1. Test each condition in (1) modelled with pLDDT under 90; (2) more than 44 Å from the chain's Cα centre (by Cα); (3) among the polar types (S, T, N, Q) for GLN404 and report the one that comes out false.
2. Is it the case that some residue within the stretch 144-157 is under 24 Å from GLU231 (Cβ atoms), surrounded by 20 or more Cβ atoms within 10 Å (Cβ to Cβ) and out of contact with any Phe, Trp or Tyr (no Cβ under 6 Å at 6 or more places or on another chain)?
3. Just the residues that are within 18 Å of SER213 (Cβ to Cβ) and outside any loop (DSSP other than H, G, I, E, B), please, taken from the stretch 336-357.
4. Mind telling me which of the residues ARG227, ARG211, ARG248 ends up being assigned by TED's automatic domain parsing to the domain that holds GLU283, in contact with a Leu (Cβ under 6 Å, 6 or more places away or on another chain) and modelled with pLDDT under 80?
5. Kindly indicate whether any position in the stretch 327-339 is surrounded by fewer than 20 Cβ atoms within 10 Å (Cβ to Cβ), over 30 Å from TYR255 (Cβ atoms) and of a type in the set (Asp, Glu).
6. Check off (1) modelled with pLDDT under 80; (2) surrounded by fewer than 11 Cβ atoms within 10 Å (Cβ to Cβ) for SER487 and give me the number that stays unchecked.
7. Out of all the residues in the stretch 453-470, is one or more modelled with pLDDT under 80, in the same structural domain as LYS532 (by TED's automatic domain parsing) and of a type in the set (A, V, I, L, M, F, W, C)?
8. Any chance the stretch 318-338 includes a residue that's touching a residue at least 60 places away in the same chain (Cβ under 8 Å), of a type in the set (A, V, I, L, M) and in contact with a Gly (Cβ under 8 Å, 6 or more places away or on another chain)?
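The values are calculated or read from the model by the stated rules, or taken from the named source; none is laboratory data. As the structure is a computational prediction, the values presented were derived from the model and not from experiment. With ideal geometry, Cβ positions are generated from the backbone for all residues, glycine too; neighbour counts draw on all protein chains shown.
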Amino acid sequence: MSRATTDSMRGSPQGRPFEVGDDDRRPTLEDIQSDPSNVSVFASTLLASESLVQVLGFGPGESLLERTLNEDQLATCFEDPQGFEMLTFFINRHLVRADEESPPDANRLRLSTNAFQLLRHHCHLSVSFTNALANIEYPSPMCFPSRATHNNLNFWFFLPTRVQVRCRDPKAHVKGKSQMNPINYLHLDAPNVDVRGSKIALHFWVDGGGRGSPKAVVVNFQDGRWRRVVEEPIFRLRDSYQDCESRRLGRDPIYLQMSVFNSALRWWNNSLSSVDDQLIAYEEALLRQDLAAGGDLLQLNAKTNRSLHCIAAHLQRYDSELQLFSNILDQTRSYNLTCHRHFVHLLFRRSEQDLDWVLTALGRAESMLTVLRTFREELQQKASNVMSLLVDNNKGISDQLVVQTGIMMHKILETSRDQAKESLNIAAQTKQLTEQTAKVLHETQKETEASRQLAIQSQRLSEEMMKDSVAMKTVALVTVLFLPGTSFAAILAMPFFTGDSSPFDKPDLIWVWVALTVPATIVCFGFYLAWKQRETRRREQRVSSDDVELSMITQTSQS
């Protein structure tokens with residue numbers, strides 16, 4: 001534990017414990033030296049570059065003041081109050097309008113760093129309140145005076161809220177933040193709404209010595225896309241001021257307290273009612289389920305199961321937030337009781353009659369909050385009942401699936417048995433076919449052997465025919481060689497050429513036979529060679545034409 005924290009727990013020199021909220025002795029949960037860093041964090045994460053602060057209060061002559069101020073106008077308002085009474089500064093995020101383009105920092109509070117320093121100085125924002133603003137994501141404390149004095153009438157608190165808004169993109173929650181985390185929003189399919197959590201910070205300061213007008217700061221952290229929700233406390237406070245009898249009575253903080261409380265109670269009621277609608281829708285859907293549908297319902301029920309667990313987690317968080325709301329109401333009741341005589345002295349109230357209606361208003365709020373807490377407990381129990389019904393349905397579906405699986409397995413076994421019989425028949429037929437195929441193969445082998453023998457004999461016949469062809473060619477060549485000579489010899493041996501009076505009947509005329517035989521033999525051989533070449537060319541052309549025709553037939557068959 002740090003030294004600063006230890007010293008802050010020791011108490012005052014008189015031995016009295018510090019009163020939370022005392023102006024002169026104000027302990028904080030944080031070190032006072034960490035305040036600048038917290039302000040810096042608050043400015044860098046939540047403050048915008050421009051200021052648009054809505055101001056509500058009383059102007060001169062009992063008139064109602066309602067303005068929106070920028071940074072310069074805010075500084076002028078503090079420097080020259082001009083008779084303004086009970087100024088309440090409402091700070092919120094950018095309020096989205098349909099006909100306007102949102103600025104880049106629309107998700108930040110419409111308050112600049114300089115404007116925040118002005119509010120902090122003139123509205124006397126405490127260090128604890130500033131630190132709580134900087135750590136808005138953590139559980140927020142509250143500060144009410146435990147003992148009312150003329151200079152100790154200030155208070156502040158952070159009120160948790162849950163608002164149901166129309167869902168603009170039903171598919172965004174699937175890919176968005178985890179629904180199981182109750183810090184995030186909760187999407188409800190049946191009413192098609194989102195339940196979004198936020199906080200409203202309220203700080204009230206008044207000088208018990210009557211040396212200054214009361215000032216209040218309301219920081220609304222709700223999303224500016226839901227303009228009517230954000231502006232509801234402002235409208236309620238404006239209506240309360242309009243019904244107030246005088247502006248001095250309007251300085252009573254009960255008007256601001258009840259405006260915020262009533263708005264938050266309405267939001268909580270709507271949010272819990274939407275959760276109830278969703279649980280009823282789930283229950284009716286589960287009761288209508290046909291368990292015979294089987295697997296399709298399991299996937300749907302898995303989604304329902306996730307949603308129910310998300311709802312249960314959020315309802316658990318709602319319990320702690322409603323408990324904090326109840327504590328704030330209790331502290332507010334004690335505050336109004338203990339500070340009543342000082343408010344009467346300051347002319348904020350007139351008599352005990354005003355205290356009666358203040359306590360009545362707070363009693364109604366407490367009664368409504370009690371109803372909401374009881375309603376939340378009922379929703380928690382209903383969520384458990386719906387989960388039990390879901391478990392029973394899933395069990396029934398599982399039993400149906402087991403029965404259906406058994407029936408299917410029985411059918412599969414019967415089918416397998418029939419298939420086994422068919423397989424045996426097919427095997428027997430295959431065996432017969434194999435035997436027949438073996439016989440065919442055996443006969444084919446015999447035919448092949450016979451064909452081989454026939455081919456051998458054909459080859460031998462071809463060889464013999466080739467030999468005959470060679471012999472015939474030899475005989476033909478010999479005939480061609482000797483035919484001209486013998487022909488001319490026979491002609492010359494005729495009586496015409498061998499008579500006594502024949503001029504050829506002389507031995508020295510042998511050259512005539514030679515002269516006739518040699519050219520005739522050459523002519524015969526030339527004629528034979530020319531005929532053979534011609535036949536060779538014809539055979540080659542016939543073979544080439546057959547090859548071309550065969551290639552064309554092959555290409556046609558392939559295409």
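1. Tallying (1) modelled with pLDDT under 90; (2) more than 44 Å from the chain's Cα centre (by Cα); (3) among the polar types (S, T, N, Q), GLN404 fails exactly one: (2).
2. yes
3. Within the stretch 336-357, HIS342, PHE343, VAL344, HIS345 qualify.
4. Working: ARG227 fails: modelled with pLDDT under 80; ARG211 fails: in contact with a Leu (Cβ under 6 Å, 6 or more places away or on another chain).
Result of the check over ARG227, ARG211, ARG248: ARG248.
5. Scanning the stretch 327-339 turns up no residue that is surrounded by fewer than 20 Cβ atoms within 10 Å (Cβ to Cβ), over 30 Å from TYR255 (Cβ atoms) and of a type in the set (Asp, Glu).
6. Exception for SER487: condition (2).
7. Initially, the stretch 453-470 is screened for residues modelled with pLDDT under 80, giving 469-470.
Keeping just the survivors that are in the same structural domain as LYS532 (by TED's automatic domain parsing) gives 469-470.
When the remaining residues are screened for being of a type in the set (A, V, I, L, M, F, W, C), the result is 470.
Yes, that holds for at least one residue.
8. no
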